[in-house]
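Here, each number is a calculation from the coordinates, and none is a lab measurement. Quantities reported herein were computed from a predicted structural model and do not represent experimental measurements. When we count neighbours, we look across all protein chains shown, and the Cβ atoms used for this are built from the backbone with ideal geometry, even at glycine.
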Amino acid sequence: MAEVPLATRMRPHTLDEVVGQRHLLGPGKALTSLVGSGHLPSLLLWGPAGSGKTTLAFILGKSVGGEMVQLSAVASGVADARKVMDRARGSMLPTVLFVDEVHRWSKAQQDVLLPVVEDGTIILIGATTENPYFSLVSPLLSRCLLLHLEPLSADDIRSLLERALADPERGLGGVHVKVTDEALDHLAGIAGGDARIALTGLETAVLTAQGRGEAEVDRSMAEESIQKKAIVYDRQGDAHYDVISAFIKSIRGSDPDAALFWLARMLEAGEDPRYVARRMVVHASEDIGLADPRALLVAVAAAQAVEYVGLPEARLNLAEAAIYLARAPKSNSVITALGRATEDAASVDPVPLHLKEASGHPGLRKLGYGKGYKYPHDYPGHRVEQEYRPVTFEGKPYYEPSDQGEEGQGEAHPPGEGS
């Protein structure tokens, strides 16, 4: 038993042993009700690593009294799934198929599951760390109950560590090594909501102390057992979208400190700096626009610096741009104006005759092309009143300047108005 990792040995066998997920566990809550009913629909468990997806899958599967089959989408494919399906068709007992990392299967592979989930041949439990709305096919989502698991809190993990230290059969209760409160707090806090990381760190620290002949694990030994906190970030998954969203919203909210926090997290986790730069270029026009026209120049310069300088030095260029954008006045008049114009652009109204090209074509002039066009440079201020859109949209404003920054310092000229 000791050769089995502590995190595996301490895996809960019943819902009563599960910590965290209070939104799903307890009287009247979804998971508790499912286990109590004895009826299990196909479902998807979506949550970060170490939040208990595998544990809950086995507890739920066991609750229906059928055959539990586990596949990993990393190592298994459609052929393995078909074998389970064929066996399930001839079984008198319900078959629960647990597919870990189900998002690793391609769309075509996921489609294979649809008929057997639809007709109840198997009960599917899929586990994924990635946002299923991005990584799973819609028909599979519609056939399954989706349950979202939260990262475990530091208090939750601390209780798991204490349980492991007290359990003489599955845990470390038979090992005569004391672990200080400071060490436990460090392990619980640095795990980032991942129970496996914390339990592995505890086991490493205790075995290290035992090997050195020491009777206590202090904070320094706990720090040694987990060298660095892993940044929870997946460039291809949920965290990728969530963190860039937080970054852009921090800039939009004019909070440079928050923008730097999310920028640093992305860069430390290995995010492509060109992607970050591209998002800032878009943001400069979408949320700042003409309130500070230089914002776009700064963002484009940062993007060019990433290509020219590269990491790690380009981190400074990205940080400078992020701070500038966060501190800049904000206006969404550009994207609003474009949206209004786009709606009307779908019309089939022709180009007004006076705007049509007729240079060098006498025949077209006879048809009225270019007739009545007023050349702005022939008028005072190089502006002249005339309509530049189909008559259907005459006088309808698209661009309305905000009162922010440079945009609020002057008034926009209505169509055709001279200065």
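Taking the number of other C-beta atoms within 10 Å as the exposure measure, put 221, 92 in order starting with the fewest.
Result, fewest neighbours first: 92, 221.
Under 17 Å Cα-Cα from residue 249, which lysines qualify once same-chain neighbours fewer than 8 residues away are excluded?
330
Compactness ratio of the range 1-75: Cα Rg over 2.2 N^0.38 Å, N = residue count?
That ratio works out to 1.15.
Does anyone have the angle between helix 238-252 and the longest principal axis of the chain? Alpha-carbon axes, 0 to 90°, nearest 10?
Approximately 50 degrees, to the nearest ten.
Based only on other Cβ atoms within 10 Å, what is the fewest-to-most ordering of 406, 385?
Result, fewest neighbours first: 385, 406.
For the chain, what does the helix formula give at 222 nm: sum of -39500 (n - 2.57) over DSSP H segments with n ≥ 4, over the residue count, nearest 500 deg cm²/dmol?
Roughly -13000 deg cm²/dmol at 222 nm, from the helical runs in the chain.
Check the straight Cα-Cα distances from residue 107 and name the lysines below 26 Å, setting aside those fewer than 8 residues away within the same chain.
Residue 107 reaches 53, 83.
In degrees from 0 to 90, rounded to the nearest 10, what is the angle of the helix 314-327 Cα long axis to the longest principal axis of the chain?
70 degrees
Running a GNM on the chain with Cα contacts under 10 Å, which residue among 103, 377, 176 ends up with the highest mean-square fluctuation?
Looking only at 103, 377, 176, the biggest GNM fluctuation is shown by 377.
For q values of 0.15, 0.22, 0.23, 0.26 Å⁻¹, compute log₁₀ I(q)/I(0) with the Debye formula on a Cα-only model of the range 154-225, without solvent.
-0.39, -0.87, -0.95, -1.22
May I ask for the equivalent-ellipsoid semi-axes of the range 326-411, computed as the square root of five times each C-alpha gyration tensor eigenvalue and listed largest first in whole Å?
33, 18, 10
For 93, 184, 56, what's the fewest-to-most ordering of other Cβ within 10 Å of each Cβ?
93, 184, 56
Give the Debye-formula value of log10 I(q)/I(0) at each listed q (0.17 Å⁻¹), with one equal scatterer per alpha carbon of the range 21-148, two decimals each.
Debye curve over Cα of the range 21-148, log10 I(q)/I(0) at q = 0.17 Å⁻¹: -0.83.
If only Cα atoms are counted, what is the Rg of the range 238-327, and what is its Dmax, in Å?
Looking at the range 238-327, its Cα Rg and Dmax stand at 11.6, 33 Å.
Under 26 Å Cα to Cα from residue 374, which lysines show up? Leave out anything in the same chain fewer than 8 places away.
Those lysines meeting the cut-off are 356, 366, 396.
Which entry in [x] 64, 47, 46; [y] 217, 57, 46; [z] 98, 57, 41 is this structure's computed Cα extents along the principal axes in Å?
Computed from the coordinates, Cα extents along the principal axes in Å corresponds to [z].
Tilt of helix 294-309 relative to the longest C-alpha principal axis of the chain, in degrees (0 to 90, nearest 10)?
Between helix and principal axis, roughly 60 degrees.
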